[in-house]
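Reviewing the structure listed below.
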Amino acid sequence: MDSAVNIEGNVSRDEPSVDERRQLIERVASSAHFRRSARLRDFLLYVGGQSLKEGRAEIHEQEIGAKVFERAPSYDPSQDNIVRVNATELRKRIDLYFATDGAHESLVLTIPRGGYKPVFQRRLPNDLALPTPPTEIALAEAVANAPTVAERSTGGRTAYLAWAGVAMVLVVVCAVLLKQNLALRSSSALWAGRPTVEAFWKDFAKGQQEVDIVLPDASVTMSAEITHQSMMLNDYLEHNYINQQEAASLSPDRVSDLTDIFSHSLVTLADFHAAQQILTLPPIAPSLRLVLARFYTADSIKRNSFVLLGGRKANPWMGLFEEQLNFRLAFDPQHNDALVTNRHPQGGELSSYASWTDANDLTTGYCVVGYLPNPNRTGNVIMLAGTDSDTTNAAAEFLTSETSLAKFRSMLNVQKFPHFEVLLKTSRVSNTSLNTEVIAYRIHPENN
């Protein structure tokens, strides 16, 4: 009988019993995170129940489609991805349970990417006393009640501060999820079946002792909405968030709004989910840091391999690399919308790509993945930016998916990834990604 693996990567001979695992599955399934989704609860109960059967092999997608989602037993999963789409949401809700209601559970379960059979692991005693942030439902209600951009433009200081409060709630959730994922990512078994992902990320790290994930700063985005101007990197680094020219054109209340906004460190949950895709990888460096853009330094930019999340509007560090990119994230102030511009269109390509939503609430968005050397060529930089934070998350999923990366490498016809940039088109319903496809790409002349 196999030994259980705890979340620090150490082997524990105290393998959980069938009853322990069954009771854990039932607690997770009956939690608030699954209360409003009977289908996801059925999904968890089915794969969980199957995993308890002695000698049960991997649980296949087609089986789940037939047993949980009422598809015909002979249906084609390549044409109907309902299981994969719901599996992404299921994994997120399981993570949220163990970061919130289940923070004190001594046993955790995960469903590793690439399969559907739950894995059970012991937590070390010093990992149990985690703070309990708001539940997913409370968080969703807070976001739903937050003012829209238009309301914030006319509602005065109270509306801006309400939005800042919501963003601070997200920071609390991010901090707890980070602790959990930094612990879970040490399991070497996660590389199994993902040779392309492993090769890419190890080449990216380039033997660095430290790799950084730089989160976008929601305060900068909110500032741009108030002032209608993007923040310059020099002002950002010097914490000169409100320069004299801007202050002169704003009312005292608006200046006060900006001051209050920048007194907080704000990040959205969707942006953190993008970072979470990377945090759940096995170790790619001895130290993997998650840092907000305002606390990052030029010295780290020159020295480390790092990941930049978000466009220039939210992450001013992006401005250092824009001149090297063909595909750039831009903002259309007339329509209050983000788009991707194509500086040198090739055959069949457009000069710009803007997101849109059809009558069935199917949203099409675009995101850019850039992979370049850092300024001193001592490491590499990955840039992930989308027309919204959900498409940025889709870009991160692209770089952590064996299927997507292997297909892209085949498209490039290379064994080792060169420096590149790729434009992706995404489609989603209710913030759940349904499909991501490569629209265009460029190979950079520099060699790794």
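Quick notes
- For residue 404, the solvent-accessible surface with a 1.4 Å probe is about 40 Å², rounded to the nearest 10.
- Interchain or long-range residues, amide H under 5 Å from residue 213's placed H: 289, 290, 291, 307
- Length available on full extension from residue 420 to residue 357: 0.36 nm per residue minus the Cα-Cα distance, which gives 19.8 nm.
- Which of 219, 106, 263 is most accessible, then next, and so on - probe 1.4 Å: 263, 106, 219
- Computed lengthening from residue 67 to residue 256, 0.36 nm per intervening residue step minus Cα-Cα distance: 62.4 nm
- Accessible surface of region 368-448, 1.4 Å probe, proportion on carbon and sulfur as whole %: 44
- Cβ-defined net charge surrounding residue 30, 13 Å radius [Lys, Arg +1; Asp, Glu -1]: +3
- For residue 374, the shell of other residues with beta-carbons less than 11 Å away shows a net charge of +3, using +1 for Lys and Arg and -1 for Asp and Glu.
- Shape call, region 340-448: gyration tensor on alpha carbons, a/c limit 1.5: prolate
- In the context of the full protein assembly, residue 425 retains an accessible surface of approximately 60 Å², using a probe radius of 1.4 Å and ignoring ligands and nucleic acids.
- Alpha-carbon centroids, region 268-318 and region 332-377: separation in whole Å: 21
- Cα-based radius of gyration of region 9-90 once divided by 2.2 N^0.38 Å, which approximates compact folds: 1.23
The values are calculated or read from the model by the stated rules, or taken from the named source; none is laboratory data. Remember, predicted model here, so these are calculated numbers, not experimental data. With ideal geometry, Cβ positions are generated from the backbone for all residues, glycine too; neighbour counts draw on all protein chains shown. Heavy atoms of the whole protein, side chains included, go into the accessibility calculation; ligands, DNA and RNA do not. Shrake-Rupley method; radii C 1.70, N 1.55, O 1.52, S 1.80 Å.
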